[in-house]
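Values quoted throughout were computed directly from the atomic coordinates according to the rules given, and no laboratory measurement underlies them. Please read these numbers as outputs of a predicted model, since none were measured by experiment. Every residue, glycine among them, receives a Cβ derived from its backbone with ideal geometry; neighbour counts consider all protein chains shown.
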Amino acid sequence: MVKPLASVLALSAAISVVFAHAGHALEKRATTPGCSTTYAPVTAYPALDCVPFTQDPQVVNWLKLVDFTKTPTFKPSVVDATTGSTCPPAGTVIPADQCWWTCQKCEAPDDVTTCPTPGTWGLTYDDGPSPDSPRLYDYLKTHNQKATLFVVGSRVVSYPTTLKRAYTEGHHIGIHTWSHTAMTSLTNEQVVAELKWTEKAIVDTIGVTPIYWRPPYGDVDNRVRNIATQLGYKTSIWTMDFDTNDWNIPANITTASAVISTFQAWLPKVAGMKTGFIVLEHDLFPQEVDVAITGILPLAYQQKGLTIVPIAQCRNDAKPYKEGLGTFVLVPNNTTSPSGTNSGPKSSPTGVHSGASGLVPALAGSALAAGSVLAMTLF
Ligand SMILES: [Zn+2]
């Protein structure tokens, strides 16, 4: 099914084109037409929103970090120019051991796609930082809410101050590639360049090295996973089918009320799930931030039995960055409960935000202080 091109929005001299694909939505964002095909040495960072050249000395150096003899040899996919899909034509047999998330709905054992504890929502926003991100951060701050932010390298170098704010305010920062290209369509070397340039932009800006990365469109297979794993990253997607489709609002393909209805329909379902869940949302366009802060989160905060935390928190991960916690404050898991039997404030200074039933007990000052000291030590 091909959706019409519905809107084109200017952002940082980039245009955004939105596609949808049957079975799994694909979004092609911030792609600058006319990316040069002629190599020129990088001075500071690669051209924005373009797949970086792999003959650059910096990239050549990064390539030494990966033993490609250990990387599965599946050929790069081809992006359909009309649909944006990377999946081969219907009827094509994809090897089971390729484990292609978008085309086979295959999750690898190490994929981060859920929060382990039922009733826990791993809150994530992708594609920032953008001019609209501060409005999201303002709202989150008001509600003492932390989130995982999967940032695009090209946006990081465009809006470094915004990323610094996000990091300073304790959000969990992850990698969302340099140019937001479907990763299975890239060569092994390009995959390395996309991840490492984004890592470099983040390290240059906030001083820590993210471990979590999210493939654009969820487009990952065992070849791309292997490279990411060798570079020390954790492949993080979202719970299958938990896509709010908020990215379709700017394209006029859907409406904010439809997105909110989608979210609302999940709420009874998540109560019966054996795990918590991770949702796909974005903070690139104003409409995405609007629906988050005026629709989805206010609704979620009214929901009993829901604990809303960044992915690193829901997975009790004390090492969201290679350096440790950075500004992230990890609340010991024994201070939260999915049962809803604990009573306490609706939010805590640590950013663990629970629903109306108040799942997070009041934290002892000592616990918070210990977390803060730990954060400073490991920065
Ligand atoms: Zn994205």
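Numbers below:
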item: Segment 175-326: relative contact order as a whole-number percent, Cα under 8 Å and 6+ apart; result: 23 percent
item: Cβ-Cβ FRET estimate between Tyr139 and Asn316, R0 fixed at 30 Å, reported to 0.05; result: 0.70
item: Net +/- balance of residues flanking Val59 in space, Cβ distance below 14 Å, scoring K and R +1, D and E -1; result: -1
item: Computed lengthening from Ala44 to Asp241, 0.36 nm per intervening residue step minus Cα-Cα distance; result: 67.1 nm
item: Global geometry of segment 132-254, whether rounded, prolate or oblate, following the gyration tensor of its Cα atoms and the 1.5 cut on a/c; result: oblate
item: Overall form of segment 263-308 per C-alpha gyration tensor (a/c, 1.5; a/b vs b/c); result: prolate
item: Separation of alpha-carbon centers, segment 63-97 and segment 279-299, rounded to whole Å; result: 32 Å
item: Cα-projected label distance for Leu299 with Asp97, points at 7 Å along beta-carbon direction, nm; result: 4.3 nm
item: Diffusion constant of segment 81-135 at 37 °C, which comes from Stokes-Einstein with the Kirkwood Cα-pair radius and 0.692 mPa s, µm²/s; result: 219 µm²/s
item: Förster radius 25 Å - calculated FRET efficiency between Lys269 and Lys105 (Cβ-Cβ, nearest 0.05); result: 0.90
item: Percent RCO, i.e. relative contact order, over segment 66-129, from Cα pairs under 8 Å lying at least 6 residues apart; result: 15 percent
item: Environment charge at Gly207 (Cβ cut-off 10 Å; Lys +1, Arg +1, Asp -1, Glu -1); result: -1
item: Charge sum, other residues only, whose C-beta stays under 14 Å from Leu231's C-beta, Lys/Arg counted +1 and Asp/Glu -1; result: +3
item: Burial ordering of Asp132, Asp138, Asp317, Asp97, fewest other beta-carbon atoms within 10 Å first; result: Asp97, Asp138, Asp317, Asp132
